[in-house]
Every structure is written in structure tokens, then in C-alpha cells.
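Worksheet for the structure shown next.
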Amino acid sequence: MKKTFYLFNPGTLERKDNTLKFTPIQIDENGEEHALQPRYLPVEDISEFYVFGSLRANSSLYNFLGQQDIAVHFFDYYENYTGSFMPRDSLLSGRVLLAQTAAYQNQKKRVEIAHKFIEAAVWNMLMNLNYYNRRGKELDEYITKMKSLAEIIPDTNKVPELMGIEGLIRQEYYKAFDIILNDFNMGIRTKHPPENEVNALISFGNMICYTETLRAIHQTQLNPTISYLHTPGERRYSLCLDVSEIFKPIIVDRVIFKVLNKRLIQKQHFDHKLNSCLLNQNGKKIFLKAMEERFEETFKHRSLCRNVSYKHLIKLECYKLLKDLLGMETYKPFKMYW
């Protein structure tokens, strides 16, 4: 099985025959660079790279990565996703592109699809709260408010109104985090930059979910720039934002609850600078390991009657949307049932 590789240190990535060679670079107090022991990575074992440090590479290397269908995702110092190198779109389809565009331009169809994204996201958020409510966390107040707001969703016929309701629901959902979590408080949601530990994990985890969704979309015939809930814009893959709404509660939030309540991540795993809070390198490694375990975790899929990983589940969601756009099958978003 191919794996995701995370590059935290600055360094040079190059082709070495039919494998990859990564040479980390250490910068001393005088600003001088020192090459460390290189690491050789078998290309057949790699699905994608996540790059968190400065990476040096040439066009020959990217040509090789493209041939091997290996993606590279880049993040800046503040853990914000900045872009990706994606292999050539071998699955491009004019028919699908036209169908996606037509669905977006049809206001009724766009709102119908947007409803389904939000309904599934809210359902999955409620399933998280119900899980902890059954374990004595006393979340009835937030569950009731979220359900009351969710009742308005079917009556909305404009996407901005729908986004507004989703925002109110998510506010109630995030308030419940302070009860679910044992040693950390979330407070209000802050993003650019996150101001405390819980917000830092949410932002970082959502970015990982976003890039994993981008990879899944790239493996279908869908175009990641044409979306329905989030407005398509310049320089962003807005369909990834749509689809990842369904999976953030299932994957990201569950991992956050796990790593904090089991004390896998603690105060020393964060760096506080000015009004920002970010995971340090050790914290990133722990969190990404937990995310990887969640992506690879399997469960018995009701429709397929076989075990499916959460990573594969995202791709299945893209195929379901694709079938709806092509008029083959009505889209039914994934909702947790346990």
C-alpha cells in the first residue's frame, strides 16, 4: 500500500535512478547550511508528499513525480495550504465539465446539491455530540439548538442563506468542544491565525482534509474548481471545500478529541507567538500520525457490504456526486450510522 510522506525539514528532493533521495538541510546560528544524512525513498511506496519546510527540486524531479502519479502539497510557516503539484489530469472529461457547469448555473440544482452537503455535515456533527452525550458530557443544550437550526435548511432556496444557517449551527457545535475536551478550551473560532491550541488543531486538520479531498477529486473526472456550496473563485479548489464539509466532523474533529483527551498532544506541542498559536514540529508529527491512522481506519460499508477506509470513502463520495451530475443516480451524501 502506498503511503503519504511528510517533509518537515528544509532540504533537497531529487531523483536517484528509479528512486527518490531527500537530503535534509540544517541551518546553524551563522546562517550557514549543512547537509544531513540523506534518506532514500522507494518511489513505488509513495502516494503523495506534504511539504512543511523549504523544498529544493528541479523540473526533472517533477516530471518524474508526474509520471509516477505522485502529488506534492505545500504549506507555509503558518500551516496554511499554499498549493499543490498534481500529476497530469489523465481523467479529464469534457462531458463531466459541461455537466458540472450546467448544475452550477441551474440555481435549483445548485441549491439542491448544496443542501445535501450541509445536511450531511450537520448530521455528522450531531453524531459526534450524541456519541459524547451518551458518555455523560451533557450536550443536550447544543444538540437541541443545532437540530432547531437544521430544520430551517430545507426551506432555504439561496446559497448565502444556507451558508448563514450552517455558520450558526457550527457556532453551537464548537461551543460543545469546551465540554467534550478535558484540558483545553476552544473559546471562539479563530482562523488567520488561530489564537489557541484547539483552533490550531482545527485549522491544521481541516487543511489536511482539504488536500486529501483534492487528491480524491483528482482521481475522478470532476473539476475541483466548480463547486455548489462555496462560490467558485480565483486560485482555489472550491469543490474540495464542499466535499470536505462532510468529512471534517468524521475525521478531523474525531482525531482532535482523541489526541487531546488521551493527552497525546499537550501544551508543550504548541508554539505561541504574538496572537497566534501553531503546532510545533513534534506536535505536527503526532497529529499527522493520528490523522493517517484515521484515514486508513476501516468500517463495514452498508451499501458495498465490505470494509472501506475513510480515505477511500472520500473518493466514493466524489463518484456519487459525479453520477448525480451525469444523471445516472441521485446523490446521497455520506452520513454516519454508528
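Observations, loosely collected:
- Hits in the range 33-54 (condition: without any contact (Cβ under 8 Å) to a residue 40 or more places away in the chain and open to solvent by less than 100 Å² (accessible area, probe 1.4 Å)): Glu33, His34, Ala35, Leu36, Pro38, Leu41, Pro42, Val43
- One residue from His115, His73 being out of contact with any Cys (no Cβ under 9 Å at 6 or more places or on another chain), more than 30 Å from Glu151 (Cα to Cα) and not basic (Lys, Arg): His73
- Qualifying residue in the range 272-281 (condition: open to solvent by less than 70 Å² (accessible area, probe 1.4 Å), in contact with a strand residue (DSSP E or B) (Cβ under 8 Å, 6 or more places away or on another chain) and more than 23 Å from Ile179 (Cα to Cα)): yes
- Within the range 11-53, the residues that satisfy the criterion of being polar (S, T, N, Q) and either within 30 Å of His312 (Cβ to Cβ) or assigned to a loop (DSSP other than H, G, I, E, B) (or both) are Asn18, Thr19, Asn30, Gln37, Ser47.
- Exactly one residue out of Gln68, Gln107 is modelled with pLDDT of 95 or more and open to solvent by 50 Å² or more (accessible area, probe 1.4 Å): that is Gln107.
- Among the residues of the range 235-282, those identified as closer than 17 Å to Met207 by Cα and part of a loop (DSSP other than H, G, I, E, B) are Arg235, Arg236, Tyr237, Asn280.
- Extreme residue, surrounded by the most Cβ atoms within 10 Å (Cβ to Cβ), among residues of the range 110-151 that are without any contact (Cβ under 8 Å) to a residue 60 or more places away in the chain and among the small types (Gly, Ala, Ser): Ala150
The values are calculated or read from the model by the stated rules, or taken from the named source; none is laboratory data. Keep in mind that this is a model prediction, so the values were computed, not measured. As a convention, Cβ positions derive from the backbone with ideal geometry for all residues, glycine included, and neighbour counts pool all protein chains shown. Keep in mind that these areas ignore ligands, DNA and RNA; they rest on the heavy atoms of the full protein, side chains included. Shrake-Rupley method; radii C 1.70, N 1.55, O 1.52, S 1.80 Å.
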